[in-house]
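Encoded as structure tokens, the structure appears first; notes follow it.
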Amino acid sequence: MTNDTPGGNRGARPEIESRPIAVDGQLLQVAIRHGSDQQPPLLLFNGIGANWELAKPFLEALTSTTAIIFDVPGVGGSPRPLLPYRPSTLARLAAALVAELGYTEIDVAGVSWGGGIAQQFAHQYPKLCRRLVLAATAPGFTMMPASPAVLWKMATPRRYTDKDYMNRIAADIYGGAFRDDPSLIGQHAAAMRGARNLGYLYQLLAMSGWTSLPWLWSLPQQTLVLMGRDDPLVPPVNGHLLASLIPNAELRMIEDGHLFIVTRPAETAALIEAFLADTSRQVEPSSPLSRMANWVRGLVPTFGGRHDVQAQREGRE
């Protein structure tokens, strides 16, 4: 258990409690960043192979929000389940955890792989999920993919178990600040707790064939989509797609790469907390046809923007 200084003290590190909790027969390593009770807590789904400690810079950057994060079964401190699972299984497990903690309404955020689970949760439990934050993520296998060279580096959890390998490939797969500041790679790698091979495989299998595309138009939550402008792993066009098809969504671009939640924790936390606290937002109804029309209208500038980022990268090299 990390017990620094209460989160309500400005300028001090917040209290983060970490402990195992049994939920529906599955032991989960859960971390809770304690904040105020003025709004629902934020449930955060992490990226593939990532233990909760990798999100610690973001958790510490929150100023008032209570945040909950847990290691997916087979990752970090959560034992591997006997059988593979689907996104709907993890959503159900997360909902049971929320109930175990005594909450009846939450906000949900997902980063990269965890963004898919967050979408599934919002779709599966619309009354439990008040608002949705999607960071550096996509609508499943229907996404605009990364280059084959980047995808190949993501096929195994080697970067989590081999620090030297992580140092060699981090700039290629994460982009952004990792290209310019090698020290960030070491700081990130130091928080890794070795994803297990079978646990990592279960995460890959969970998203195999999964897509949110058929029902994104029906999500009722106010949604914030955050994308890194220089993201080799999840190209920014995927953020445009999500924001175009989710009825009450807005897209914010961040001048960084895939892991802006780690390299720019204060900026990311400020954007998310402002979004969660904004009471002026109104939910508007939508239809599949209107969302598809919005998406088509946004395609040309989206692909143009992607080309501009690539040109900037090549010019810098």
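Throughout, read-outs are computed from the coordinates displayed, never taken from laboratory work. Keep in mind it's a predicted model, so treat the numbers as computed, not measured. Here Cβ is always computed from backbone atoms with ideal geometry, including for glycine, and neighbour counts include all displayed protein chains.
Summary table below
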| read-out | value |
| --- | --- |
| Neighbour-count ranking [beta-carbon atoms within 10 angstrom, fewest first] of I173, I32, I261 | I32, I173, I261 |
| Net length gained if the chain between S208 and L83 were fully extended (0.36 nm per residue, minus Cα distance) | 43.5 nm |
| Aspartates and glutamates with Cα under 20 Å of K163, excluding same-chain neighbours fewer than 8 positions away | E53, D172, D180, D181 |
| Additional length obtainable on full extension of the chain from Q187 to E105, 0.36 nm per residue less Cα span | 26.1 nm |
| Inter-centroid distance (Cα atoms) of region 250-274 relative to region 150-170, Å | 23 |
| Zone residues, region 67-81, relative to A96, backbone N less than 20 Å from point 7 Å out along Cα-to-Cβ | 68-81 |
| Separation in nanometres of the label points that stand 7 Å from Cα toward Cβ, at A149 and R19 | 4.9 |
| Total charge dipole magnitude, region 132-225, about the Cα centre, Cβ charges on Lys, Arg, Asp, Glu only, Debye to nearest 20 | 240 |
